[in-house]
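Data first, discussion second: the structure below is written as C-alpha cells.
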Amino acid sequence: MDHDHFIGQVQARAQLASRGEAEGLTRATLETLGERIPEQVASHLADQLPTEIGESLRRTITLEGEGSGERFGLDEFVRRVSERGHLPEPNAVYGSRVVLEVTGEATEGVLSKVRDSLPEELRPIVDAGSAGDLRS
C-alpha cells in the first residue's frame, strides 16, 4: 500500500474532512504507538509501511540504546493521541482504531506482533478496528 492510498483509507474510514487531518491522526497514533512498543518491534513495523508513514514510528527518542517501550495504559495512549492530533478523546480513540486497522492491512500480519507486545489493556484498540467495539 502506498502513502496516498494509506492516508486516503484513514480519511475515508475516520470520516475526516481533509487529507491533512488524516496525516495528523496517522502521525499522532503511530508516534504514540512507537513510544509504547519495543524499539525493534517499532522498527520492523516501520519497515513495512510507506517511508513517510513509518517515520512516525521512528520518532521515539531512545535513551542509552534501551529503546522505547514506555509503560502506559489505554487512557494515557488516548490522551497522547488526543493531544498530538488536537482531537477530543472520543475522536482519538476511534481514529487510532482506524489507523491501526489500515496499518494492519498495509503490513500483512506484522501488526499481530505489535499486538502481542502490548499489555491486555491496550490490545482492544488494535483488535476493534473501525467497525468493532472497544471493550477492555
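Of the set (1) within 16 Å of Gly129 (Cα to Cα); (2) open to solvent by 20 Å² or more (accessible area, probe 1.4 Å); (3) of a type outside the set (Lys, Arg); (4) at pLDDT below 95, all apply to Gln11 but (4).
Any residue at all in the stretch 15-28 that's in contact with a Phe, Trp or Tyr (Cβ under 8 Å, 6 or more places away or on another chain), in contact (Cβ under 8 Å) with a residue 60 or more places away in the chain and open to solvent by 10 Å² or more (accessible area, probe 1.4 Å)? Spell out the reasoning first.
Step one: filter the stretch 15-28 for residues in contact with a Phe, Trp or Tyr (Cβ under 8 Å, 6 or more places away or on another chain), giving 26.
Remaining after also requiring in contact (Cβ under 8 Å) with a residue 60 or more places away in the chain: 26.
From the residues that got through so far, the ones that are open to solvent by 10 Å² or more (accessible area, probe 1.4 Å) too are none.
No, that holds for no residue.
The set of residues from the stretch 51-63 being in a loop (DSSP other than H, G, I, E, B) and modelled with pLDDT of 75 or more comprises just one member, Arg59.
Just checking, which of Glu31, Glu83 is within 19 Å of Ile125 (Cβ to Cβ), surrounded by fewer than 16 Cβ atoms within 10 Å (Cβ to Cβ) and of a type outside the set (S, T, N, Q)?
Answer to the selection: Glu83.
Pairing each residue of the stretch 104-120 that is closer than 14 Å to His5 by Cβ with any residue that is open to solvent by less than 50 Å² (accessible area, probe 1.4 Å) and not in a helix (DSSP H, G or I), provided the two are 6+ apart or on different chains, yields C-beta distances under 8 Å for Ala106/Leu49; Ala106/Pro50; Thr107/Leu49.
Of the residues Leu16, Leu25, only one is of a type outside the set (D, E, K, R), in a loop (DSSP other than H, G, I, E, B) and over 15 Å from Leu118 (Cα atoms); which?
Values: Leu25 fails: in a loop (DSSP other than H, G, I, E, B).
One residue alone meets the criteria, Leu16.
Examine the stretch 65-76 for a residue that is touching a Ser or Thr at 6+ places or on another chain (Cβ under 8 Å) and among the basic types (Lys, Arg), and state whether such a residue exists. No - not one qualifying residue is present in the stretch 65-76.
One residue stands out among those in the stretch 97-136 that are among the basic types (Lys, Arg) and open to solvent by 50 Å² or more (accessible area, probe 1.4 Å): the one that is nearest to Thr29 (Cα to Cα), which is Arg115. One residue alone among Val110, Val99 is under 24 Å from Glu121 (Cα atoms), touching a His at 6+ places or on another chain (Cβ under 7 Å) and among the hydrophobic types (A, V, I, L, M, F, W, C), and that residue is Val110.
Condition first: small (Gly, Ala, Ser) and assigned to a helix (DSSP H, G or I). Can you find one or more residues in the stretch 64-80 that meet it? Outline the logic, then answer.
Going residue by residue through the stretch 64-80, those that are small (Gly, Ala, Ser) are 65, 67-69, 73.
From what's left, assigned to a helix (DSSP H, G or I): none.
No; the residues of the stretch 64-80 include none that is small (Gly, Ala, Ser) and assigned to a helix (DSSP H, G or I).
Pick from the stretch 108-136 the residues that are in a loop (DSSP other than H, G, I, E, B) and among the hydroxyl-bearing types (Ser, Thr, Tyr): which of them is modelled with the highest pLDDT?
Step one: of the stretch 108-136, the residues in a loop (DSSP other than H, G, I, E, B) are 108-109, 117-122, 128-136.
Pick out the ones that are also among the hydroxyl-bearing types (Ser, Thr, Tyr) and you get 117, 130, 136.
Details: Ser117: 91, Ser130: 85, Ser136: 39.
Filtering first and then ranking leaves Ser117.
Look at (1) open to solvent by 70 Å² or more (accessible area, probe 1.4 Å); (2) without any contact (Cβ under 8 Å) to a residue 60 or more places away in the chain; (3) assigned to a helix (DSSP H, G or I); (4) farther than 17 Å from Pro119 by Cα and you find that Tyr94 fails only one, number (2).
The values are calculated or read from the model by the stated rules, or taken from the named source; none is laboratory data. Not measured: the values here are computed from a predicted model. Counting neighbours? That spans all protein chains shown, and the Cβs are built from the backbone with ideal geometry, glycine included. Only protein heavy atoms, including side chains, enter the accessible area calculation; ligands, DNA and RNA are left aside. Shrake-Rupley method; radii C 1.70, N 1.55, O 1.52, S 1.80 Å.
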